[in-house]
1. Suppose we filter B:152, B:122 for residues that are surrounded by 22 or more Cβ atoms within 10 Å (Cβ to Cβ), away from chain A (no Cβ under 12 Å) and without any contact (Cβ under 8 Å) to a residue 60 or more places away in the chain; which single one remains?
2. With the range A:165-266 as the region, which helices (runs of 4 or more DSSP H) entirely inside it contain at least 3 residues that are at pLDDT 90 or above and within 14 Å of another protein chain (Cβ to nearest Cβ)?
3. Within the range B:242-277, can you find the residues that are assigned to a loop (DSSP other than H, G, I, E, B), in contact (Cβ under 8 Å) with a residue 40 or more places away in the chain and either within 14 Å of another protein chain (Cβ to nearest Cβ) or within 28 Å of residue A:225 (Cα to Cα) (or both)?
4. Residue by residue through the range B:285-295, note down the ones that are in contact with a helix residue (DSSP H, G or I) (Cβ under 8 Å, 6 or more places away or on another chain), more than 10 Å from chain A (Cβ to nearest Cβ) and not in a strand (DSSP E or B).
5. Only one of these is at pLDDT 90 or above and either within 21 Å of residue B:83 (Cβ to Cβ) or under 19 Å from the mean Cα position of the chain (by Cα) (or both): B:31, B:40. Name it.
6. With touching a helix residue (DSSP H, G or I) at 6+ places or on another chain (Cβ under 6 Å) and within 14 Å of another protein chain (Cβ to nearest Cβ) as the only criterion, which of A:69, A:4, A:90, A:25 stands out?
7. Please give the number of the condition residue A:11 fails out of (1) farther than 30 Å from residue B:324 by Cβ; (2) free of Cβ contacts under 8 Å to residues at least 40 places away in the same chain; (3) in a helix (DSSP H, G or I).
8. Any residue that is over 20 Å from residue B:52 (Cβ atoms), assigned to a loop (DSSP other than H, G, I, E, B) and in the same structural domain as residue B:10 (by TED's automatic domain parsing) - is there at least one of those in the range B:112-134?
């Protein structure tokens with residue numbers, strides 16, 4: 001089922017790449033239409049799964065990644081529609097496609113523990129998903145900031161200079177994505193703790209669980225980024241690097257830790 | 001009907017003459033009305049005037065090109081009170097499709113002084129709307145101008161002919177926009193009260209910056225320059241660091257022999273700014289800013305050579321886009337030419353329809369006589385029915401031939417078809433048919449260019 005949105009995301013990527021190269025009205029429309037179609041198909045699949053299981057499908061890695069990809073696509077589409085900036089699509093879509101490959105080709109466990117139910121669990125997982133989607137956006141925006149910054153600084157005005165929005169706009173977008181992500185990361189973590197206490201499973205709160213440990217590290221990185229931008233003037237390029245670093249940590253938590261370790265499975 | 005263009009532009013005339021034949025100054029509408037009344041060269045009153053600081057062009061639909069040409073030149077001379085002899089050597093004229101090609105190239109920005117400049121399309125639109133207001137735009141000119149708007153739009157969206165700043169001031173503003181986004185709310189500090197700094201500051205001001213501060217060794221000099229810029233303020237040389245701390249953009253243009261802004265000085269200015277970017281434009285020769293200052297995080301330093309290099313690069317990029325733009329002009333010209341050709345067979349179509357209609361009318365008249373025995377009500381009803389049926393019949397019979405004729409792309413075939421129809425249906429007595437005028441609308445291509 002997840003192959004359909006994957007194919008549409010791939011088609012959207014082609015559209016964004018075409019738009020990045022040619023910048024015509026037709027390619028812009030094509031790219032946005034393909035992405036909207038992909039997101040719609042993805043919404044349909046997630047909706048079906050929700051009806052099937054009776055709750056938001058985030059109980060195993062396969063469905064959680066699918067959910068994350070969907071949130072990322074929606075968040076990006078929202079940014080695109082509100083700012084009319086399409087240059088970032090060519091950077092976001094590879095991430096979307098790479099992650100969507102997992103739910104599209106990996107068999108899910110299907111089974112989920114009876115413990116993992118209830119509103120607190122729902123808040124915990126969906127807040128974290130939303131936070132991670134925001135961080136993914138911030139990471140891509142950060143990378144584009146650095147690319148444009150380098151062109152202007154070294155006076156080699158080229159591809160990115162002609163296509164990307166201004167440094168100021170990119171910095172603001174990065175900051176906003178980090179604030180939104182940080183708020184939801186905090187809510188997700190607090191809800192996780194509350195859920196563990198409520199469920200009386202002390203192992204859920206262990207710092208030896210790599211997933212919890214890495215999540216806390218990413219919280220610290222993003223907290224530092226927000227603090228540094230306001231107090232010590234680490235806006236712009238340094239903030240962009242921190243966004244990229246933060247998301248590298250988040251991604252570490254998402255894929256390798258989930259598949260290579262037995263952490264955070266109940 | 002021919003399309004004629006008579007004009008003067010930056011390619012043929014010096015600015016002194018262009019100033020004297022500026023239609024904007026004397027009123028485009030007055031010119032249009034005066035010309036329409038003259039009916040130059042058998043004109044049906046279809047005229048448009050395109051007047052910018054770089055060109056004055058008259059577009060006219062007329063029957064006699066040669067006569068219209070000389071009448072237009074003498075009109076320009078009389079209207080602007082300039083001797084004909086002073087104008088004639090600078091005037092160019094082209095007719096039919098070459099006139100259309102010229103307007104398409106103008107609208108695309110291909111004929112502009114700075115290739116690809118964006119204002120020209122707006123000025124062409126203005127020329128058309130003036131002609132419409134003065135009721136001098138008919139079917140030919142309306143179609144011509146709409147086609148040229150399409151060219152302008154396509155060139156703008158499908159090529160990079162208009163992209164990239166092509167003057168040092170614009171390059172500086174474009175860079176500032178890439179760093180800060182919107183310039184409204186930004187503040188600019190100019191070091192030095194000379195002409196260069198003043199001009200760049202004025203340009204920044206016109207882009208909507210919040211505040212311009214002039215810093216000069218002589219406060220009176222700074223105050224004078226600030227006054228000429230309008231809304232700018234003057235600051236003393238000793239207060240330079242405070243001014244720099246508050247600035248987003250710094251333009252340095254002093255005559256100092258050694259750098260005024262050393263790396264250490266810029267560093268100390270940057271410290272309390274908490275990462276707020278500073279864009280320094282050093283247009284002084286010798287340079288006012290130490291090159292090493294550009295290494296500081298969040299400082300973007302450009303000197304006059306950097307800006308000129310960017311301008312040169314943009315001009316080269318535009319030049320490489322010219323070919324793509326010319327191709328668009330050719331494509332749209334082909335479309336316009338086939339529309340013109342379809343107009344060439346219109347007289348035959350009209351004659352054919354008139355012939356059918358007159359047959360129908362005469363048969364209806366004969367029917368009236370036959371129906372005269374019926375009671376009045378029944379007679380009226382029967383006549384109305386027959387009228388309706390025969391009308392529909394004629395329309396349906398003529399639909400396909402009309403479409404086929406209008407769709408003929410090749411002028412020779414069109415002429416041949418028109419002649420055949422004229423002969424077969426005996427339209428000779430009736431008015432004109434497709435004539436050799438169709439030929440004039442075959443697109444002319446430069447020799448050696450493949451179709």
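1. Residue meeting the stated conditions: B:152.
2. Result: A:167-199, A:210-231, A:236-254.
3. B:247, B:248, B:277
4. Listed by number, the residues that qualify are B:285, B:290, B:292, B:293.
5. Exactly one of B:31, B:40 is at pLDDT 90 or above and either within 21 Å of residue B:83 (Cβ to Cβ) or under 19 Å from the mean Cα position of the chain (by Cα) (or both), namely B:31.
6. Unique residue meeting the criteria: A:25.
7. (1)
8. no
The values are calculated or read from the model by the stated rules, or taken from the named source; none is laboratory data. Please read all numbers here as calculations on a predicted model, not as lab measurements. Note: ideal-geometry Cβ built from the backbone for every residue, glycine included; neighbour counts use all protein chains shown.
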